[in-house]
Amino acid sequence: DVARVSLVEAPETVVAWNIFNASALLGDINGTGQVTLTDEQIEKVNTAIKDAGFSETLEKDDTPKIVVGFVKSCKKHPDSDHLSITQTEVDNGEILQIVCGAPNIKAGQKVVVAKPGAMMPDGLMIWPGVLRGEESFGMICSAKELRLPNAPAKKGILELPFDAEVGSAFAVGE
(Lines give C-alpha, C1' and ligand atoms only; values in the text may rest on other atoms or scores of the structure.)
Protein backbone atom coordinates (compact mmCIF):
# COMPACT_ATOMS: atom_id res chain seq x y z
CA ASP A 1 0.00 0.00 0.00
CA VAL A 2 3.08 2.25 -0.15
CA ALA A 3 5.08 3.33 -3.21
CA ARG A 4 8.45 5.10 -3.04
CA VAL A 5 8.92 7.79 -5.71
CA SER A 6 12.51 8.64 -6.65
CA LEU A 7 14.44 10.38 -9.39
CA VAL A 8 15.42 8.33 -12.45
CA GLU A 9 18.88 9.93 -12.45
CA ALA A 10 19.30 9.49 -8.67
CA PRO A 11 17.23 6.48 -7.52
CA GLU A 12 18.48 6.84 -3.95
CA THR A 13 16.78 10.25 -3.67
CA VAL A 14 13.20 9.96 -2.40
CA VAL A 15 11.04 12.80 -3.70
CA ALA A 16 7.65 11.49 -2.55
CA TRP A 17 5.71 8.65 -0.99
CA ASN A 18 2.42 7.48 -2.46
CA ILE A 19 0.21 6.11 0.30
CA PHE A 20 -2.62 4.17 -1.33
CA ASN A 21 -5.97 4.38 0.48
CA ALA A 22 -4.53 7.00 2.84
CA SER A 23 -7.89 7.70 4.47
CA ALA A 24 -8.03 4.10 5.74
CA LEU A 25 -4.57 4.52 7.28
CA LEU A 26 -4.94 8.07 8.62
CA GLY A 27 -8.64 8.44 9.26
CA ASP A 28 -10.63 11.49 8.28
CA ILE A 29 -8.39 14.16 6.75
CA ASN A 30 -10.00 17.59 6.66
CA GLY A 31 -9.11 20.21 4.12
CA THR A 32 -8.07 20.43 0.51
CA GLY A 33 -4.69 20.96 -1.11
CA GLN A 34 -1.64 20.58 1.08
CA VAL A 35 -2.48 18.91 4.39
CA THR A 36 -0.30 19.07 7.50
CA LEU A 37 -0.11 15.72 9.27
CA THR A 38 -0.20 15.36 13.04
CA ASP A 39 2.61 13.60 14.90
CA GLU A 40 0.33 10.56 15.29
CA GLN A 41 -0.41 10.47 11.54
CA ILE A 42 3.30 10.74 10.69
CA GLU A 43 3.97 7.81 13.03
CA LYS A 44 1.28 5.76 11.20
CA VAL A 45 2.77 6.62 7.80
CA ASN A 46 6.28 5.70 9.01
CA THR A 47 4.97 2.35 10.26
CA ALA A 48 3.36 1.72 6.85
CA ILE A 49 6.62 2.65 5.09
CA LYS A 50 8.58 0.27 7.33
CA ASP A 51 5.99 -2.51 6.90
CA ALA A 52 6.34 -2.11 3.11
CA GLY A 53 10.06 -2.89 3.42
CA PHE A 54 11.57 0.58 3.17
CA SER A 55 14.11 2.03 5.61
CA GLU A 56 13.38 5.75 5.13
CA THR A 57 11.06 7.73 7.38
CA LEU A 58 9.17 11.01 7.24
CA GLU A 59 10.02 13.85 9.58
CA LYS A 60 7.68 16.65 10.58
CA ASP A 61 8.55 19.96 8.94
CA ASP A 62 6.42 22.92 9.98
CA THR A 63 8.72 25.55 8.49
CA PRO A 64 6.94 27.89 6.08
CA LYS A 65 7.62 27.18 2.41
CA ILE A 66 6.10 30.35 0.94
CA VAL A 67 7.94 33.26 2.50
CA VAL A 68 9.02 36.87 2.12
CA GLY A 69 12.39 37.11 0.37
CA PHE A 70 14.88 39.86 -0.45
CA VAL A 71 16.55 39.91 -3.87
CA LYS A 72 20.20 40.61 -3.00
CA SER A 73 21.46 40.44 -6.58
CA CYS A 74 20.04 39.98 -10.05
CA LYS A 75 21.89 39.37 -13.30
CA LYS A 76 20.79 38.45 -16.80
CA HIS A 77 20.90 34.74 -17.65
CA PRO A 78 23.79 34.17 -20.10
CA ASP A 79 21.69 31.83 -22.30
CA SER A 80 18.33 33.63 -22.34
CA ASP A 81 16.91 36.94 -23.45
CA HIS A 82 14.21 36.98 -20.74
CA LEU A 83 15.51 35.04 -17.72
CA SER A 84 17.42 36.49 -14.77
CA ILE A 85 19.48 34.74 -12.08
CA THR A 86 18.87 36.05 -8.58
CA GLN A 87 20.49 35.50 -5.22
CA THR A 88 17.54 35.82 -2.86
CA GLU A 89 17.64 35.81 0.94
CA VAL A 90 14.76 33.79 2.39
CA ASP A 91 15.62 33.66 6.10
CA ASN A 92 18.44 34.67 8.47
CA GLY A 93 21.13 34.75 5.83
CA GLU A 94 19.88 31.69 3.87
CA ILE A 95 20.40 32.58 0.21
CA LEU A 96 18.74 30.71 -2.65
CA GLN A 97 19.70 31.02 -6.30
CA ILE A 98 16.44 31.41 -8.19
CA VAL A 99 16.06 31.76 -11.95
CA CYS A 100 13.20 34.15 -12.70
CA GLY A 101 11.43 35.11 -15.94
CA ALA A 102 9.55 38.17 -14.68
CA PRO A 103 10.32 41.41 -16.52
CA ASN A 104 10.18 43.48 -13.31
CA ILE A 105 12.68 41.48 -11.20
CA LYS A 106 15.61 43.50 -9.85
CA ALA A 107 17.98 43.64 -6.89
CA GLY A 108 16.71 45.34 -3.75
CA GLN A 109 13.12 44.09 -3.92
CA LYS A 110 11.08 42.32 -1.26
CA VAL A 111 9.27 39.44 -2.98
CA VAL A 112 7.30 36.26 -2.29
CA VAL A 113 9.40 33.10 -2.62
CA ALA A 114 8.08 29.57 -2.94
CA LYS A 115 10.89 27.44 -1.51
CA PRO A 116 11.50 23.82 -2.50
CA GLY A 117 8.72 21.71 -1.03
CA ALA A 118 6.10 24.46 -1.35
CA MET A 119 2.70 23.60 -2.76
CA MET A 120 1.20 26.41 -4.81
CA PRO A 121 -2.54 27.16 -4.65
CA ASP A 122 -3.03 25.35 -7.99
CA GLY A 123 -1.41 22.17 -6.58
CA LEU A 124 1.97 22.63 -8.29
CA MET A 125 4.87 21.47 -6.12
CA ILE A 126 8.06 23.53 -6.20
CA TRP A 127 11.31 21.56 -6.49
CA PRO A 128 14.89 22.49 -7.36
CA GLY A 129 15.54 22.46 -11.08
CA VAL A 130 17.81 23.62 -13.88
CA LEU A 131 16.72 26.32 -16.33
CA ARG A 132 18.91 26.70 -19.38
CA GLY A 133 21.90 25.29 -17.51
CA GLU A 134 21.47 27.32 -14.31
CA GLU A 135 20.29 25.78 -11.03
CA SER A 136 17.16 27.24 -9.46
CA PHE A 137 16.06 26.54 -5.89
CA GLY A 138 12.55 27.94 -5.76
CA MET A 139 10.26 30.39 -7.49
CA ILE A 140 9.71 34.12 -7.09
CA CYS A 141 5.93 34.48 -7.34
CA SER A 142 3.44 36.71 -9.08
CA ALA A 143 0.11 37.69 -7.54
CA LYS A 144 -1.63 35.48 -10.13
CA GLU A 145 0.47 32.42 -9.18
CA LEU A 146 -0.46 33.05 -5.54
CA ARG A 147 -4.15 33.34 -6.53
CA LEU A 148 -4.48 36.67 -4.81
CA PRO A 149 -7.82 38.45 -5.30
CA ASN A 150 -7.71 41.14 -7.98
CA ALA A 151 -4.28 39.99 -9.18
CA PRO A 152 -3.11 42.28 -11.99
CA ALA A 153 -3.22 40.88 -15.52
CA LYS A 154 0.25 42.26 -16.33
CA LYS A 155 3.20 39.91 -16.12
CA GLY A 156 5.62 40.26 -13.25
CA ILE A 157 6.41 39.28 -9.73
CA LEU A 158 4.56 40.62 -6.72
CA GLU A 159 6.61 43.39 -5.14
CA LEU A 160 6.15 43.67 -1.37
CA PRO A 161 6.55 46.73 0.85
CA PHE A 162 10.10 47.19 2.08
CA ASP A 163 9.03 46.68 5.71
CA ALA A 164 7.94 43.08 4.98
CA GLU A 165 9.98 40.75 7.21
CA VAL A 166 12.34 38.41 5.31
CA GLY A 167 11.64 34.79 6.18
CA SER A 168 8.12 35.38 7.47
CA ALA A 169 5.36 33.16 6.10
CA PHE A 170 3.24 34.60 3.30
CA ALA A 171 -0.42 33.52 3.34
CA VAL A 172 -1.58 32.50 -0.14
CA GLY A 173 -5.08 32.62 -1.63
CA GLU A 174 -7.43 29.69 -1.22
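Which residues, counting only those in the stretch 128-145, are surrounded by 15 or more Cβ atoms within 10 Å (Cβ to Cβ) and not hydroxyl-bearing (S, T, Y)?
Correct list: L131, E134, F137, G138, M139, I140, C141, A143, K144, E145.
For (1) in the same structural domain as L131 (by TED's automatic domain parsing); (2) loosely packed, with under 13 Cβ neighbours inside 10 Å; (3) closer than 30 Å to E165 by Cβ, each residue gets a yes or a no:
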residue	(1), (2), (3)
L25	no, no, no
I42	no, no, yes
N46	no, no, no
F70	yes, no, yes
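Restricting the search to the stretch 138-151, which residues are more than 17 Å from K106 (Cα to Cα) and in contact with a Lys or Arg (Cβ under 8 Å, 6 or more places away or on another chain)?
Once the filter is applied, which keeps residues that are more than 17 Å from K106 (Cα to Cα) and in contact with a Lys or Arg (Cβ under 8 Å, 6 or more places away or on another chain), the stretch 138-151 yields only A151.
Are any of the residues in the stretch 54-68 without any contact (Cβ under 8 Å) to a residue 40 or more places away in the chain and under 19 Å from M120 (Cα atoms)?
Yes, some residue in the stretch 54-68 is without any contact (Cβ under 8 Å) to a residue 40 or more places away in the chain and under 19 Å from M120 (Cα atoms).
Any residue at all in the stretch 88-108 that's without any contact (Cβ under 8 Å) to a residue 12 or more places away in the chain and in contact with a helix residue (DSSP H, G or I) (Cβ under 9 Å, 6 or more places away or on another chain)?
Taking every residue of the stretch 88-108 in turn, none turns out to be without any contact (Cβ under 8 Å) to a residue 12 or more places away in the chain and in contact with a helix residue (DSSP H, G or I) (Cβ under 9 Å, 6 or more places away or on another chain).
Residues that are β-branched (V, I, T) and within 30 Å of A3 (Cβ to Cβ): does the stretch 111-130 have at least one?
yes
Which of (1) surrounded by fewer than 15 Cβ atoms within 10 Å (Cβ to Cβ); (2) more than 25 Å from V5 (Cβ to Cβ) is the odd one out, the single condition T57 does not satisfy?
The single condition T57 does not satisfy is (2).
The values are calculated or read from the model by the stated rules, or taken from the named source; none is laboratory data. Model, not experiment: these values are computed from the prediction. So basically every Cβ, Gly included, is an ideal-geometry build from the backbone, and we count neighbours across all protein chains shown.
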